[in-house]
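This report refers to the structure that appears directly beneath it.
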Amino acid sequence: MTQTQLYLISPLDVGGEFPARLERALAAGARRHGDLVTAFQFRVKDIDQHEAARLAAPLQAICAAHDVAFIVNDSVALAKRLKADGVHLGQDDGSPKDARTELGREAQIGVTCHASRHMAMEAGEAGADYVAFGAFYPSSTKDKGDAERPEPELLHWWSQLFEIPCVAIGGITPENCQPLIEAGADFLGVSHAVWGGDEVAAIEAFARVMRG
């Protein structure tokens, strides 16, 4: 069984001091265990593509320096413009097949599947490289509305039947992540647990749980 890795999701404000914070977080992950942080999702809302590209540039460079995949949330067009490593699609952001056509064979394409086995299987059939389930816990980042909250058993079911990796998202902290790891999550998608306080201490706390 492969070891669970961290998939960092940006806060909505990625200007100002954030590039320095990202650098510190990725450096801490590398210090603790070189493979702890494997991907970073660039997630911004309500800004135009030019501004998004400006904000993305330093973050993309930091990720490249640490060999961390740079994934754009929601926008295939922005991912293509940035030559990003991939794109993360919500259920309303288009199909993995179309994203593959736009971004090429090497792109990492992920799909939000909430608590739905059916959505996840459809995403896999359409060529997704990973599926994301959640929110497992109350989340300040992912607004799920009335979406059903999945149980860790969903991760176990998926990992037993399918080769495609799964990401657990939603309110995940060092204190509550153990059941998700044990259930078979390939990645933990985390945002507020890292960026809501001291990012280095948070990465080190996750490392202690995930790597002992």
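A few remarks follow.
- For the stretch 155-184, the set of residues classified as of a type in the set (Gly, Ala, Ser) and either free of Cβ contacts under 8 Å to residues at least 40 places away in the same chain or closer than 30 Å to GLU17 by Cβ (or both) consists of SER159, ALA168, GLY170, GLY171, ALA183, listed by residue number.
- Identity of the residue in the stretch 82-98, hydrophobic (A, V, I, L, M, F, W, C) and under 17 Å from the mean Cα position of the chain (by Cα), that ends up surrounded by the fewest Cβ atoms within 10 Å (Cβ to Cβ): ALA84
- Restricting the stretch 162-212 to residues that are of a type in the set (D, E, K, R) and part of a helix (DSSP H, G or I), the residue that is farthest from PRO11 (Cα to Cα): GLU182
- Candidate set from the stretch 45-61 (those that are out of contact with any helix residue (DSSP H, G or I) (no Cβ under 7 Å at 6 or more places or on another chain) and part of a helix (DSSP H, G or I)); member that is nearest to LEU6 (Cα to Cα): ALA61
- In the stretch 4-44, the residues that are loosely packed, with under 13 Cβ neighbours inside 10 Å, modelled with pLDDT of 95 or more, at negative phi and in a loop (DSSP other than H, G, I, E, B): LEU12, ASP13, GLY15, GLU17
- Count of residues meeting criterion [surrounded by 20 or more Cβ atoms within 10 Å (Cβ to Cβ) and outside any strand (DSSP E or B)] in the stretch 65-81: 5
- Breaking point among (1) touching a strand residue (DSSP E or B) at 6+ places or on another chain (Cβ under 6 Å); (2) surrounded by 20 or more Cβ atoms within 10 Å (Cβ to Cβ), for ALA193: (1)
- Selection status of ILE47, aliphatic (A, V, I, L, M) and under 17 Å from VAL111 (Cβ atoms): no
- Among residues of the stretch 1-17 that are more than 29 Å from GLN178 (Cβ to Cβ), those with a beta-carbon under 7 Å from a residue that is part of a loop (DSSP other than H, G, I, E, B) at least six positions away or on a different chain give the pairs VAL14/VAL44.
- Just one of the numbered conditions (1) closer than 21 Å to VAL68 by Cα; (2) crowded, with 17+ Cβ neighbours inside 10 Å; (3) more than 14 Å from the chain's Cα centre (by Cα); (4) not hydrophobic (A, V, I, L, M, F, W, C) is not true of ARG211: (2).
- Qualifying residues in the stretch 153-178 (those that are over 16 Å from ASP129 (Cβ atoms) and among the acidic types (Asp, Glu)) - the one surrounded by the most Cβ atoms within 10 Å (Cβ to Cβ): GLU153
The values are calculated or read from the model by the stated rules, or taken from the named source; none is laboratory data. Just so we're clear, the structure is a prediction, and the values are computed from it rather than from any experiment. Counting neighbours? That spans all protein chains shown, and the Cβs are built from the backbone with ideal geometry, glycine included.
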